[in-house]
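Q: The structure that follows is given in the form of structure tokens.
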Protein chains: 2
Amino acid sequence: ESISIPDIKAGILKGERAKLAKGITLIESNAAHHFELAQELLQSILPHTGKSLRIGISGVPGAGKSTFIEAFGTYLCSLGHKVAVLAVDPSSSVNGGSILGDKTRMEELARNPRAFIRPSPSEGTLGGVHRKTRETMLLCEAAGFDVILIETVGVGQSEAIVRGMVDFFMMLALTGAGDELQGMKKGIMELVDGIVVNKADGDNLPRAIKTRSEYSRILHFLQPVTKGWMSKALTCSAVTGKGIDDVWDMLQEFSETTKQSGVFEDRRRRQSREWFHSLINSQLHQLFYKNSTIKQLLPVLENQIMAGDQTITKAVQEVFQTFLDTFEKK
Amino acid sequence: ESISIPDIKAGILKGERAKLAKGITLIESNAAHHFELAQELLQSILPHTGKSLRIGISGVPGAGKSTFIEAFGTYLCSLGHKVAVLAVDPSSSVNGGSILGDKTRMEELARNPRAFIRPSPSEGTLGGVHRKTRETMLLCEAAGFDVILIETVGVGQSEAIVRGMVDFFMMLALTGAGDELQGMKKGIMELVDGIVVNKADGDNLPRAIKTRSEYSRILHFLQPVTKGWMSKALTCSAVTGKGIDDVWDMLQEFSETTKQSGVFEDRRRRQSREWFHSLINSQLHQLFYKNSTIKQLLPVLENQIMAGDQTITKAVQEVFQTFLDTFEKK
């Protein structure tokens, strides 16, 4: 297989889906020689990125994320937008599955020529998935997708990670016994710009309205996650379509408000900076913890600490000096 | 000034306050030659540590932390306990003050021969304050204090840091317009084993009871922070003393339950391990960010990233290779 970066780049800029898919596969590849090519591709398309509205969508399993994204994405396509759906799903590397792996979940949207659905990268550490999803987002932007939906199941740190790569973070909520305040379980209330109570239809409608007002009340007590934006709670029904347009109105209002105040661009810059430093941090971590001398020494020191035979500060001093010595020997 | 570690150690084990204070001053010292002595002292008293109940107390300014600690500490002393009060206050290094600096806040407790009050270390990075407070706690345990209260004002990460060094984490809450759910602002609801609504007296009593039940309701929806322990909300009055005994009953029940299940000891072991790794991490961080070559290169790369001239992954690669090269030149 020969890979031509100028060819892939040209295809992506023309919005060719096959070339976009090829570019993403390159980014997701774990092969060392693909890494350099992928970076070359990214570097070349950088000037064409950044023009989408990046939206994170979270919610516990059963909150109706796929039916919502199907309905919402289809609605956006009907307005003339181009919609890309990506996922951050750290669980996929564990169980081999992926939240978007089963494309049949979004049959209608998957067939829409204005939509592009890409499952979560199936391998890699959480940091790796994180990097690949971010870079995939950039390729999608270069291919002309102007709305990016990034879905997460909310396992581990995934919500904070998605919050760090999107402009607007949305939580899909359910109604039902004991579930009204489910979102608080993971402390994501502090991350959201908007809460959408789904399944506001039929018998469920009164409960959905009640749940929405509970969330509104809680949001009222929290400091806004986005300066100058009061986080909102809405209801909608992915089944009847009612309220789907309200969600988009909210997003447009958010986009206008924050672009005017400069908060939108500030956040993007800060996100880049934080991403840069978090990658540095993960490299430092690897350098230390993958060092073979350290790997042998750490469990010994940990056992001494746990047994109360060694002070922690002393142990850190010892392990760190050992680490530095392995370099000086080079 | 000559410092004899065996002398300080012997004094601490006998519960001599002057020697305890001398040991703490040694630990808080930033002088390099004191560091080794402090570690020697800690190493020697390690077998005599760990026998207290470690309690974190958080709450926004105005929640009545000092009046509560005064009343609660005095009550515990009357039961025959020995109580040490420490503080983690990252703001103290900024404004030069300290939440416990003004001992007159707790006049009665400060005069009690069974109590020991130590202000927050006034200098150092947050990580440094963290280390010193932990080590001070160990000295207090060796000196026979069996209840340690660690106070925090809840600035920045201080609540998570205190959670990482105590057995039980308590939030003091206020009643009053708009304040009912104040604790949620900082996401600490996920950290607490118990919430104490203070100032449950006089005209304020009905509101305090209402606030308590609001918190109970919220706690009900959250996953317990301590396995096998359902986080509780209580009311008390530091002024009338009503409910102070209920707080201690709750703590004893917590201690018995978690010691029986093994959760108590598990957490202590995990806390030691996490502290060890967090100190390693902060050392790695310093090694990298204080490197003079890196200091020059970083702003250049950051500007390129922000301007969209450079991919983040590439920038990380470059800065990291530069970092490694500075070692190989050694």
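Any read-out appearing in this document is the output of simple, stated calculations on the displayed coordinates, not a laboratory observation. This one's a predicted model, so the numbers in the text were calculated from it and none came from an experiment. For neighbour counting, all protein chains shown are included, and Cβ atoms are generated from backbone atoms with ideal geometry for every residue, glycine included.
Q: Based on the Cβ-Cβ distance of residue B:306 and residue A:240, what FRET efficiency does E = 1/(1 + (r/R0)^6) give at R0 = 41 Å, to the nearest 0.05?
A: 0.40
Q: Let me ask another. Local charge sum around residue A:75 (other residues, Cβ-Cβ under 12 Å, Lys/Arg +1, Asp/Glu -1)?
A: That works out to -3.
Q: Now a separate question. So for B:28, B:253, fewest C-beta neighbours within 10 Å to most, what's the order?
A: B:253, B:28
Q: For the protein assembly as shown, build the charge dipole from Cβ charges (+1 Lys, Arg; -1 Asp, Glu) around the Cα centre, then report which of B:219, A:271, A:215 sits farthest towards its positive end.
A: A:271
Q: Given a Förster distance of 41 Å, report the FRET efficiency between residue A:286 and residue B:292 from their Cβ-Cβ distance, rounded to the nearest 0.05.
A: Using R0 = 41 Å, I get an efficiency of 0.95.
Q: Between B:57, A:84, A:175, whose Cα lies farthest towards the positive end of the dipole of the protein assembly as shown when Lys and Arg beta carbons carry +1 and Asp and Glu beta carbons carry -1, centred on the Cα centre?
A: Of the options given, the answer is A:84.
Q: Another question about this same structure. Which order results if A:75, A:289 are arranged by neighbouring Cβ count within 10 Å, fewest first?
A: A:289, A:75
Q: Taking the Cα centre of chain A as the origin and placing charges on Cβ (Lys, Arg +1; Asp, Glu -1), which of A:258, A:157, A:119 is farthest toward the positive end of the dipole?
A: Projecting each Cα onto the dipole axis, the largest value belongs to A:258.
Q: So, how do all the Cα-to-Cα distances of the protein assembly as shown break down into 20 Å bins, in percent, from 0 on up?
A: Binned Cα distances yield the sequence 16, 44, 33, 6, 0.
Q: For chain A, find the longest principal axis of its Cα atoms and tell me its angle to the long axis of helix A:244-261, 0 to 90°, nearest 10.
A: 60
Q: Further, regarding this structure: Can you give the mean number of other chain Cβ atoms that lie within 10 Å of the Cβ atoms in peptide B:269-281?
A: So the per-residue partner count for this stretch is 5.
Q: Moving on to the next point. Defining the label point at 7 Å along Cα→Cβ, can you sort the distances from residue A:252 to the same site in each other copy, shortest first, in nm?
A: Spacings between copies for this position, smallest first, are 6.5 nm.
Q: Run the numbers on chain B and let me know its relative contact order in percent, using alpha-carbon pairs under 8 Å that are six or more apart. Can you show the working numbers first?
A: On the way: 483 pairs, mean separation 53.2, N = 330.
Once divided by the residue count of chain B, the mean separation gives 16 percent.
Q: Suppose every K and R has +1 on its Cβ and every D and E has -1 on its Cβ; what is the size of the dipole of the protein assembly as shown about the Cα centre, in Debye to the nearest 20?
A: Roughly 200 debye for the protein assembly as shown.
Q: When every alpha-carbon pair in region B:208-269 is counted, what percent end up more than 20 Å apart?
A: Everything past 20 Å amounts to 38 percent.
Q: Which value, in debye to the nearest 20, describes the size of the charge dipole of chain B about its Cα centre when Lys and Arg Cβ atoms bear +1, Asp and Glu Cβ atoms bear -1, and nothing else is charged?
A: On the way: 39 positive and 38 negative charges, 64 e Å.
Roughly 300 debye, rounded to the nearest 20.
Q: By counting other Cβ atoms within 10 Å of each Cβ, how are A:248, B:229 ranked from fewest to most?
A: Values: A:248 15, B:229 19.
If I rank by nearby Cβ atoms, fewest first, I get A:248, B:229.
Q: Shape verdict for region A:1-65, please, from the Cα gyration tensor: rounded (a/c under 1.5), prolate (a/b greater than b/c) or oblate.
A: Since a/c reaches 1.5 and a/b is larger than b/c, the shape of region A:1-65 is classed as prolate.
Q: Computed FRET efficiency, Cβ-Cβ of residue A:256 and residue B:326, R0 45 Å: what is it to the nearest 0.05?
A: Efficiency, rounded to the nearest 0.05: 0.45.
Q: Just to confirm the numbers: residue B:297, label point 7 angstrom along the Cα-Cβ line, distances to the other copies in nm, shortest first?
A: Shortest to longest, the spacings are 2.4 nm.
Q: Mean projection of the alpha-carbon convex hull of chain B over all orientations, in nm²?
A: 21.1
Q: Could you state the principal axis extents of the C-alpha atoms in region A:223-309, from the largest down, to the nearest angstrom?
A: 62, 33, 24
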